[in-house]
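This report concerns only the one structure given below.
The values are calculated or read from the model by the stated rules, or taken from the named source; none is laboratory data. No experiment lies behind these values; they were computed from the predicted model shown. For neighbour counting, all protein chains shown are included, and Cβ atoms are generated from backbone atoms with ideal geometry for every residue, glycine included. Side chains included, ligands, DNA and RNA excluded: accessible areas come from the protein's heavy atoms. Shrake-Rupley method; radii C 1.70, N 1.55, O 1.52, S 1.80 Å.
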Amino acid sequence: FRFKDSLAEDLGRADLVISHAGAGSCLETLEKGKPLIVVTNEKLMNNHQLELAKQLDRDGHVFCCNCSTLVETLQSMDLSTLKPFPPGQPEKFALFLDKVVGFQ
Amino acid sequence: LTAVYVIFTGGHTTEILRLLSCLSESYSPRHYVFADSDEMSEAKIRSFEQKRAETFSNSQFTLDRIPRSREVRQSWTSSVVTTLYSILYSLPLTYKLKPDLILCNGPGTCVPVCISALLLGLLGIKRAIIVYVESICRVETLSLSGKILYYFSDYFIVQWPDLKEKYPKSVYLGRIV
């Protein structure tokens with residue numbers, strides 16, 4: 001399919017996700033606790049997608065590779081080494097904003 | 001009561017809605033402003049506000065579209081022209097809404113709106129607090145909007161420690177989306 005309103009259902013059923021480096025895709029998958037391999041294409045991509053993918057790889061939450069190394073990654077990966085991704089904390093933002101605006 | 005002005009487009013929509021998810025009902029009415037070429041964002045906002053209305057009875061919000069100030073990879077010279085056009089467009093809108101607080105998270109759409117708000121502040125009409133939250137995608141470098149608004153926002157929030165080091169005036173709260 002080209003576009004779906006939500007991938008939540010498909011993500012829920014997956015055992016492994018292979019995705020491009022879009023932030024939404026990565027974060028949504030990580031939040032569902034699914035192992036993720038991020039495929040980057042440095043020629044096509046905006047720089048900032050690459051930044052996030054690389055950082056997530058450095059932190060051990062995903063495996064990063066490019067189109068040519070994907071097969072090798074799939075063959076040699078050890079999914080048990082992937083670290084869980086803690087959720088973001090929008091409450092901190094709310095608290096900060098309350099202070100800024102003077103709601104405290 | 002604080003009138004909140006929320007600016008976003010596309011992928012930024014999910015992020016901004018997460019940022020809003022924990023805000024109290026004092027942040028009302030909420031005015032959403034986004035690029036007119038964006039379809040999916042409107043649906044996401046409506047669904048967010050609908051859920052909110054289930055808990056808070058007095059939920060008020062509006063949706064406004066403005067022309068997109070810059071397409072991805074648009075050239076510099078034409079960007080200046082389209083941005084000026086967007087500023088002209090957003091000035092009357094900002095004047096009408098007179099927000100107390102402007103919240104934006106990165107798309108080019110937010111630059112003209114923030115500039116309009118700054119102009120209104122300079123003219124003594126309405127001084128809005130501008131809070132900019134850089135996208136979670138930005139680990140090492142700022143977006144173009146970020147680079148501009150770092151100097152013009154009241155509070156500039158980043159989500160990765162590297163950026164806090166590079167931009168000392170920014171605020172680092174950890175990952176908030």
_Looking for something of a type in the set (S, T, Y), modelled with pLDDT of 90 or more, closer than 18 Å to B:Y32 by Cα and touching a Cys at 6+ places or on another chain (Cβ under 8 Å) - is there at least one such residue anywhere in region B:125-132?_
yes
_A:G12 vs. criteria farther than 18 Å from B:E140 by Cβ, in contact (Cβ under 8 Å) with a residue 40 or more places away in the chain and out of contact with any strand residue (DSSP E or B) (no Cβ under 7 Å at 6 or more places or on another chain)_ = no
*Restricting the search to region B:38-49, which residues are within 14 Å of chain A (Cβ to nearest Cβ) and within 18 Å of B:S26 (Cα to Cα)?*
B:F48
_Residue count, region B:100-116 (criterion: more than 14 Å from B:S135 (Cα to Cα) and at pLDDT 90 or above)_ = 6
*Might you check whether a residue that is modelled with pLDDT of 80 or more, within 14 Å of chain A (Cβ to nearest Cβ), open to solvent by 10 Å² or more (accessible area, probe 1.4 Å) and over 22 Å from B:I176 (Cα atoms) occurs anywhere in region B:59-72?*
no
*For B:Y155, work out the one condition from (1) more than 20 Å from A:C26 (Cα to Cα); (2) at pLDDT 95 or above; (3) open to solvent by less than 60 Å² (accessible area, probe 1.4 Å) it doesn't fulfil.*
(3)
*If a residue has to be open to solvent by less than 40 Å² (accessible area, probe 1.4 Å) and either closer than 24 Å to B:S21 by Cβ or part of a loop (DSSP other than H, G, I, E, B) (or both) to count, how many in region B:75-103 make the cut?*
5
*Does region B:34-45 contain any residue that is in a strand (DSSP E or B), modelled with pLDDT under 85 and closer than 24 Å to B:K96 by Cβ?*
yes
*Could you please find all residues in region B:107-147 being among the polar types (S, T, N, Q) and either assigned to a helix (DSSP H, G or I) or open to solvent by less than 50 Å² (accessible area, probe 1.4 Å) (or both)?*
B:T109, B:S116, B:S135, B:S143, B:S145
_Please pick out the residue among B:T141, B:T83 that is more than 14 Å from chain A (Cβ to nearest Cβ) and either touching a helix residue (DSSP H, G or I) at 6+ places or on another chain (Cβ under 8 Å) or closer than 28 Å to A:E28 by Cα (or both)._
B:T83
_Which numbered condition in (1) modelled with pLDDT of 85 or more; (2) within 12 Å of chain A (Cβ to nearest Cβ) is the only one that B:R52 fails?_
(2)
*In the list B:E140, B:E134, which residue meets the criterion of being more than 27 Å from B:E39 (Cα to Cα) and of a type in the set (D, E, K, R)?*
B:E140
